[in-house]
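Just so you know, all these numbers are worked out from the coordinates, no wet-lab data involved. Please read all numbers here as calculations on a predicted model, not as lab measurements. Positions of Cβ are generated from backbone atoms using ideal geometry, with glycine treated the same way; all protein chains shown enter the neighbour counts.
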Amino acid sequence: MTIMTENNNLFNYLKERVQILSVIGEHVLLKKAGFYWKGRCPFHDEKTGSFTVSPHREIFYCFGCHAGGDVITFISKIENCTPLEAAKSLADRFNISLPQELSLMVSTESADEKKRYFNICQVIAEILHKNLLSYKPATDYLKNRMVTNQSINEFSLGYLPSGQQNIKSFLQELRTHNILAKDLLDIHFLEESKGFFHSSFEKRIVFPIKDHLGRFCGFGGRVFEQGDDRSKYYNSRENSFFQKGSLLFGLDKAKKDIHKLKYAFLVEGYTDVIAMHQYGYTNTIATLGTACTLEHLKQLSYHAEKLYILYDGDSAGHSAMLRLAELCWQTNIDLYTLFLPPKQDPADFLHQGGDLQLLINQAQDIISFFFKEAGTNFGQQSLQQKLERMRKCLSIIKNVQDPFKQEILLQQASSIFNFPTHTLKQELNRLKHKTASLNTLNIKTEMPLESEIITCLLEKNFIYAILSNLELLNRKEVANLINYMPSFIKNIINKLQSIPACDEKTRFMLFFDTLNESEKKSVQQFLVREEEQEAQEFEIVLTQLEKKYWKMITQKTKLLLEEAQKTGDASSINDLVSTFLELKKKLLSRGLI
Ligand SMILES: [Zn+2]
């Protein structure tokens with residue numbers, strides 16, 4: 001057996017056991033649209049959802065960037081790994097035990113390394129959690145900060161006692177899980193100097209950090225004891241599995257509710273996330289003590305449509321929000337700012353009985369917030385500063401897609417800066433023109449596929465029906481009609497016909513494996529549609545196609561008849577004539593010829 005088919009066995013084994021919707025649903029907010037589901041593509045930037053998933057055929061396709069494939073392709077694209085690693089990741093994620101011959105295939109080195117890393121982090125988290133529960137000063141501190149026992153458990157909060165003796169017993173316990181001091185040195189959880197081990201997490205409350213799939217991947221530690229004047233927070237060092245610029249604390253827990261509510265709260269600290277969850281705002285996440293990056297926003301835009309930012313009312317929180325305003329146009333998530341009373345963080349606010357709903361009602365979209373800020377003390381600025389502020393605002397307006405929103409923002413800017421709207425508009429058009437001429441230089445045009453050029457709606461409907469119901473191929477008139485279709489369709493259907501009859505799902509999977517890349521793309525396009533289309537009744541489509549190909553059918557039948565007469569093949573002649581006459585009768589009766 002070749003490697004290719006062995007891999008396919010493994011992939012098919014997995015595909016039979018996971019549903020593409022639940023896999024992709026962990027990464028992208030999907031909405032049902034007819035027979036398929038749509039969302040914003042995680043592989044390219046877009047305003048509208050061109051990303052389509054067909055649960056019926058277990059494939060996805062993006063009409064924007066043409067990314068497409070099955071569940072294995074999806075995971076290898078999103079996790080940036082090989083198909084084999086993707087298979088392994090899927091099996092791990094969905095607890096699928098593989099038959100021995102298949103499980104041998106997936107034990108690739110890098111996938112193992114990844115799994116081992118997550119496992120080490122998990123064991124550390126478990127040990128530290130146990131430590132915390134038995135260390136009263138830590139639990140007292142958390143109790144004072146109104147962190148409930150339930151939260152301590154749900155967020156697996158931990159504690160690492162200091163001193164050589166304690167580190168020694170920590171290492172001993174790790175060893176029972178086959179984890180060595182070297183492993184902890186490798187991931188920089190421990191440092192070694194002069195033969196002694198120590199850790200920056202000692203004497204800190206530890207917040208284990210999980211990725212959006214719930215795998216432990218790093219730690220944040222906070223000082224809590226009187227007189228501890230080290231920096232307040234310490235986070236794990238970055239590595240390829242722990243990237244602060246894209247991880248969000250709490251996303252694994254919040255994801256489900258974010259999908260349901262379609263919005264999320266972004267707060268600054270781990271304890272804010274915990275407080276928000278305690279008060280029922282379970283759709284809350286935080287960055288890892290770092291600024292919210294474009295990457296974070298992009299990640300969130302796959303899950304939410306709206307993001308409420310709940311930053312501290314201090315000046316740092318303020319400037320963080322202004323930075324977000326300049327980033328937000330590059331993503332597809334609408335940002336709103338919520339204003340906390342001065343000197344309060346979300347945890348204080350909630351513990352003191354603050355009404356978050358009231359803040360939400362008064363939320364301001366981040367661009368208006370930015371404008372207001374730009375307008376503060378505008379009169380007292382120098383001419384240069386004034387121009388700079390206005391240009392900054394206009395450059396934000398320029399990037400707003402919705403023309404109505406643009407108009408509203410222009411009017412806002414006009415009243416804030418006390419400047420006539422039409423002058424601002426002129427300047428805006430000048431800016432737009434400038435970028436437009438720059439853009440034309442590096443526009444990348446995707447060549448349309450052959451299938452897009454020559455296939456009309458009728459053929460698409462026809463093939464869609466066949467791929468959705470393979471039984472249709474058994475009908476003689478369907479098989480006949482395919483002979484007249486463009487050659488790439490004929491090739492695809494031939495491949496489908498060559499797959500031995502078995503249950504529909506398996507048959508489709510086997511068929512899909514036989515396709516080349518461009519055929520796969522065509523099939524994905526046939527199966528998912530960009531626009532909602534009335535699925536016409538198959539009989540109507542069939543008849544219309546017969547009408548469309550009628551001339552070709554007549555000519556070809558004539559040729560075949562001549563040939564059959566030469567060889568004297570009477571049964572062929574009979575067949576040809578009766579099929580032809582039947583079709584002619586049908587089309588005549590409908591007034592189509
Ligand atoms: Zn795309």
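In a shell of Cβ-Cβ distance under 14 Å around Ser134, excluding Ser134 itself, what net charge do Lys and Arg (+1) and Asp and Glu (-1) give? Kindly include the intermediate steps, with their values, before the conclusion.
Values: positive: Lys130, Lys136; negative: Glu126, Asp140, Glu173.
Net local charge, Ser134 excluded: -1.
If we count every other residue with Cβ under 12 angstrom of Leu481's Cβ, Lys/Arg +1 and Asp/Glu -1, where does the sum land? Walk me through the numbers on the way to the answer.
On the way: positive: Arg475, Lys476, Lys490, Lys547, Lys548, Lys556; negative: Glu459, Glu477, Glu546.
Computed value for this residue: +3.
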**OP:** Could I have the simple spin-label model distance between Gln362 and Asp45, label points 7 Å from Cα toward Cβ, reported in nm to one decimal?
**Re:** 3.4 nm
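For each pair in Lys210/Lys255; Lys47/Lys262; Lys136/Lys194; Lys38/Lys210; Lys490/Lys586, compute the distance between the two Cα atoms and list the pairs where it is over 20 Å. Walk me through the intermediate numbers first.
Values: Lys210/Lys255 12 Å; Lys47/Lys262 16 Å; Lys136/Lys194 32 Å; Lys38/Lys210 27 Å; Lys490/Lys586 24 Å.
Too far apart for the 20 Å limit: Lys136/Lys194; Lys38/Lys210; Lys490/Lys586.
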Original post:
By how many degrees, 0 to 90 and rounded to 10, does the Cα axis of helix 403-417 deviate from the longest principal axis of the chain?
Top reply: 30 degrees
Original post:
Given 0.36 nm per residue, what is the gain on full extension from Thr82 to Glu471 after removing their alpha carbon distance, in nm?
Top reply: 136.6 nm
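Ranking request for peptides 196-205, 349-358, 67-76: highest mean number of other beta-carbon atoms within 10 Å first, then the rest in descending order.
On the way: 196-205: 19.4, 349-358: 13.5, 67-76: 22.2.
Top of the packing list down: 67-76, 196-205, 349-358.
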**OP:** Can you work out the PRE-style zone for Ser246? Point 7 Å along Cα to Cβ, and I want the residues of the range 201-235 with backbone N under 17 Å.
**Re:** 210-218
**OP:** List, largest first, the extents of the alpha carbons of the range 451-589 along their principal axes, each in whole Å.
**Re:** 45, 32, 27
**OP:** Compute the relative contact order of the chain as a whole-number percentage, counting only Cα pairs closer than 8 Å that sit 6 or more residues apart in sequence.
**Re:** 10 percent
Original post:
Excluding Asp345 itself, what net charge comes from residues whose Cβ is under 12 Å from its Cβ, given Lys and Arg +1 and Asp and Glu -1?
Top reply: -3
**OP:** State, to one decimal in nm, how far the label point of Gln164 lies from the label point of Leu457, with both points 7 Å from Cα in the Cβ direction.
**Re:** 8.2 nm
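Please arrange Ile489, Ile593 by counting, for each residue, the other beta carbons lying within 10 Å of its beta carbon, fewest first. Don't jump to the answer; show the numbers that get you there.
Details: Ile489 22, Ile593 13.
The fewest-first ordering by Cβ neighbours comes to Ile593, Ile489.
Under the 0.36 nm per residue contour assumption, what length would be gained going from the current alpha-carbon distance of Lys405 and Asp92 to full extension? Let's see the in-between values first.
Values: separation 313, 0.36 × 313 = 112.68 nm, distance 4.57 nm.
The Lys405-Asp92 span can extend by a further 108.1 nm.
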Original post:
Where does the range 265-387 land on Rg(C-alpha)/(2.2 N^0.38 Å)?
Top reply: 1.09
Subject >> Contour minus Cα-Cα distance for His433 and Asp569 (0.36 nm per residue) >> reply: 41.8 nm
**OP:** Could you give the C-alpha radius of gyration of the range 3-107 expressed as a fraction of 2.2 N^0.38 Å, taking N as the number of residues it contains?
**Re:** 1.08
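With a/c under 1.5 counting as rounded, go ahead and sort the chain into rounded, prolate or oblate using the C-alpha gyration tensor (a ≥ b ≥ c being the square roots of the eigenvalues; past the cut-off, prolate if a/b is larger than b/c, else oblate). Mind dumping the intermediate values first?
Numbers: a/c = 3.01, a/b = 1.54, b/c = 1.95.
Here the chain falls in the oblate category.
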Original post:
Can you give the Kirkwood hydrodynamic radius for the range 378-441, in Å, rounded to one decimal and based on Cα pairs?
Top reply: 12.3 Å
Subject >> Inter-label distance for Glu238 and Thr423, nm, one decimal - labels placed 7 Å from Cα along Cα-to-Cβ >> reply: 4.4 nm
Original post:
Glu305's amide H: which non-local residues (gap 5+, or another chain) put their own amide H closer than 5 Å, with H modeled 1.01 Å from N in plane and none for Pro or chain starts?
Top reply: Tyr263
Original post:
So how do 576-583, 267-274 stack up, highest first, on mean other-Cβ count within 10 Å?
Top reply: 267-274, 576-583
**OP:** Take the Cβ-Cβ distance between Leu581 and Glu295 as r, set R0 to 60 Å, and report the resulting FRET efficiency rounded to the nearest 0.05.
**Re:** 0.35
Subject >> 14 Å reach of a label modelled at Lys392, 7 Å along Cα-to-Cβ, counting backbone N of the range 299-319 >> reply: 318-319
Subject >> Expected 222 nm ellipticity per residue - DSSP helices of 4 or more, -39500 (n - 2.57), all of the chain, to 500 >> reply: -16000 deg cm²/dmol
Original post:
How high is the FRET efficiency between Cys502 and Ile593 when r is their beta carbon distance and R₀ equals 56 Å, given to the nearest 0.05?
Top reply: 0.90
**OP:** Give the long-range amide H neighbours of Lys203: residues separated by 5 or more places, or on another chain, with amide H under 5 Å away, using H modelled in the peptide plane at 1.01 Å from N.
**Re:** Leu160, Ser162
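Grab the alpha carbons of the range 111-235, take their convex hull, and tell me the volume per residue in Å³.
Details: hull volume 14.2 nm³, N = 125.
Residue-normalised Cα hull volume stands at 113 Å³.
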Subject >> Angle between the chain longest axis and helix 487-497 axis [Cα atoms, degrees, rounded to 10] >> reply: 80 degrees
